[in-house]
Amino acid sequence: MAALTENPGCSRRRIVDAAGLKAHELADRLGHPTLRGQSPFAIETGNRFEDRLKKRSGYALLVEALAPFVDLPAPPDLNVEDVNSVGRLADAQTWMEARVAKTDEALARIARGGADAPHVVDHPVLRLDLTGSSVNLEPDALAFRVGDRLELVEIKSYAVIDGQADPAKVSATAAQSAVYHMALRATLERLGFDPELLAWSVILVAPRNFGRTPTAHRIPLRKKSAALARVLGSVPRVGELLDDLPHDLSFDVGSTNTDSRAASEALNVVVSAIDALYVPECVQNCDMAKFCRSEAWSNDDPSRVGRTARDSLAGVSSLSEALALARSANATDGSDAEVGGALRDAFGALERARARSGDQSLLSRTVTDGPR
Ligand code: SF4
C-alpha cells in the first residue's frame with residue numbers, strides 16, 4: 001500500500017502485486033535483496049506491547065487505555081472475538097478465507113447491534129478491492145460498537161511523551177489507518193450496512209513517556225482518507241495495465257530454467273519489460289527498490305536524482321542527454337525545446353556561479369557520483 005500510494009504511477013509494482021508475488025522474494029530472486037525492514041528488536045518490542053495490552057492482561061489494559069474515548073465493559077464481561085480462533089487450516093489460502101468470513105460475520109453482528117455482538121474484534125482480516133486486484137489486510141486494529149458507531153483502534157509501540165508523539169510516526173500511522181478505514185467502510189457496504197457507522201478517526205494506543213503504561217489519542221482521518229481515495233481513483237485499474245503488456249509475459253521462469261542464474265536473468269528480462277517509475281523515495285516504500293535503482297542508474301535515468309528532476313526533464317531519456325541539451329549552444333525546436341531552454345538557462349547560471357566561486361568540479365560532481 002505504501003508503494004502504491006507513494007508512487008501510484010508505477011505499473012511494475014502494481015503488476016507484481018496483482019500477480020500475488022511477494023516483492024521482497026522477487027527482489028531476492030533478481031539478485032537485489034531488499035534494503036529495508038524493521039529491526040527484529042523493534043518488532044519484538046511492538047509485539048510485546050501489543051501482547052501485554054491484549055492476551056497477558058486479558059484485554060483489561062486495552063479497555064483501561066481506551067476509557068477516555070470508549071466506554072467498554074471490563075473483563076470478564078468484555079466480549080472478544082478473536083478471528084484467529086478459526087485454527088490452522090489445510091493451507092494458507094483456506095485459512096485466510098476462513099478469517100475473512102469470520103471477520104465479516106463479527107462485523108455484521110456489531111453493525112446490527114445485537115446483545116451478542118463482540119466489543120472487540122482481534123486479528124481481523126479485511127478484504128479490499130485495490131483498483132482491480134483483491135488484497136487482504138491484517139491490521140492489529142480492532143473495531144467496537146459504542147452507541148451507534150464503530151471505532152478503529154491501532155496499537156503502536158512508539159512513545160507518546162507529554163501527550164506528543166513523533167509527527168512523522170503519527171502521520172505514517174494515519175496513512176496506514178486510512179487504508180484500514182477504507183477497507184472497513186467497503187466491508188460494511190458489502191455486508192449491506194451504512195459505512196457511516198464507522199467514526200472518521202482512529203484511536204492510537206501507545207506507551208506513555210517510554211514506560212509500559214498505555215495511553216490513547218484520537219487521530220482524525222478524514223483528510224488522509226480523502227487523499228487516499230483521490231490517489232486510488234486516479235490510477236488505472238490492473239486490467240488496463242495488463243492490456244498493455246505482451247500476452248505471453250510470465251513471471252514463471254523457473255519451469256523452463258533449472259539453472260538458478262539463468263532463471264534470475266530470465267526473470268530480469270520479464271521484470272524489466274514492465275514500466276517502472278523509480279524515484280529515490282522508493283527505497284523507503286518498496287522492496288523492489290534496489291533492483292529498480294540499479295536499473296535507473298544503468299539507464300542513466302533522470303529519476304535517479306529525484307522526483308523533481310524526473311518531472312522537470314519529462315521527455316528527456318537520460319541525464320547525459322540533459323547535459324548535452326544544457327551545453328548545446330543552439331536552441332532546438334523539437335518536443336524538448338522548452339526543457340532544453342530551461343536547461344541552458346540553468347547551465348548558464350551554474351557556469352557564472354562556478355566562475356565566481358572558482359569551483360570547477362561543481363557540475364561534474366553532480367552527475368558522476370555513484371549509487372550508495
Ligand atoms: S521500487 Fe520499482 S517497483 Fe517499487 S515503486 Fe519504485 S519503481 Fe515501482
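Values quoted throughout were computed directly from the atomic coordinates according to the rules given, and no laboratory measurement underlies them. Remember, predicted model here, so these are calculated numbers, not experimental data. When we count neighbours, we look across all protein chains shown, and the Cβ atoms used for this are built from the backbone with ideal geometry, even at glycine.
Taking only Cα atoms, what is the 0 to 90° angle, nearest 10, from helix 92-112's long axis to the longest principal axis of the chain? In the chain, helix 92-112 runs at an angle near 60 degrees to the longest axis.
When only C-alpha pairs under 8 Å and at least 6 residues apart count, what is the relative contact order of the chain, in percent? Mind showing how you got there, number by number?
Details: 484 pairs, mean separation 65.0, N = 372.
Reported as a whole number, the value is 17 percent.
Can you tell me the orientation of helix 167-190 relative to the chain, as the angle in degrees between its alpha-carbon axis and the longest Cα principal axis, to the nearest 10? Rounded to the nearest ten degrees, it is 60. Report the antiparallel proportion of the DSSP beta bridges in region 38-234 as a percent, rounded to a multiple of 5. Restricted to region 38-234, the bridges split so that about 65 percent are antiparallel.
For region 149-293, how big is the tail of P(r) above 25 Å, as a whole percent of Cα pairs?
Numbers: 5525 of 10440 pairs.
Cα-Cα pairs in region 149-293 separated by more than 25 Å: 53 percent.
By the count of other C-beta atoms within 10 Å, a proxy for reagent exposure, S312, S260 are ordered fewest to most as S260, S312. Normalised by residue count, region 38-234 yields a Cα convex hull volume of 135 Å³ per residue.
Take the Cα radius of gyration of region 243-330 and divide it by 2.2 N^0.38 Å, with N its residue count; two decimals is plenty.
Numbers: Rg = 16.2 Å, N = 88, 2.2 N^0.38 = 12.1 Å.
For region 243-330, the normalised Cα radius of gyration comes out at 1.35.
Kindly work out what percent of the DSSP beta bridges joining two residues of the chain are antiparallel, to the nearest 5. Show your work: numbers first, answer last.
On the way: 18 of 27 bridges.
Antiparallel bridges: around 65 percent, rounded to the nearest 5.
With unit charges on the beta carbons (Lys and Arg positive, Asp and Glu negative) and the dipole taken about the Cα centre of region 80-141, which residue among T94, V120, L107 sits farthest to the positive side? Of the candidates, L107 comes out farthest on the positive side.
With axes computed from alpha carbons, what is the tilt in degrees of helix 40-51 against the longest principal axis of the chain, rounded to the nearest 10 within 0 to 90? Tilt of helix 40-51: around 20 degrees.
One-quarter of the Cα convex hull surface for the chain, in nm²? Present the calculation step by step, with values, prior to reporting the outcome.
On the way: hull surface 98.2 nm².
For the chain, the mean projected area of the Cα convex hull comes to 24.5 nm².
Only Cα pairs under 8 Å and 6+ residues apart enter the sum, and on that basis the relative contact order of region 38-234 stands at 19 percent.
Where does region 295-350 land on the Kirkwood hydrodynamic radius, alpha-carbon pairs, in angstrom? If you can, show how the numbers build up before the last one.
On the way: mean 1/r = 0.0882 Å⁻¹.
The Cα-based Kirkwood calculation yields 11.3 Å.
Set against the 2.2 N^0.38 Å expectation for a compact globular protein, region 1-77 has a Cα radius of gyration ratio of 1.71.
Around the amide H of L150, modelled in the peptide plane, lie the amide H atoms of L198, A199, all under 5 Å away and 5 or more residues distant in sequence or on another chain.
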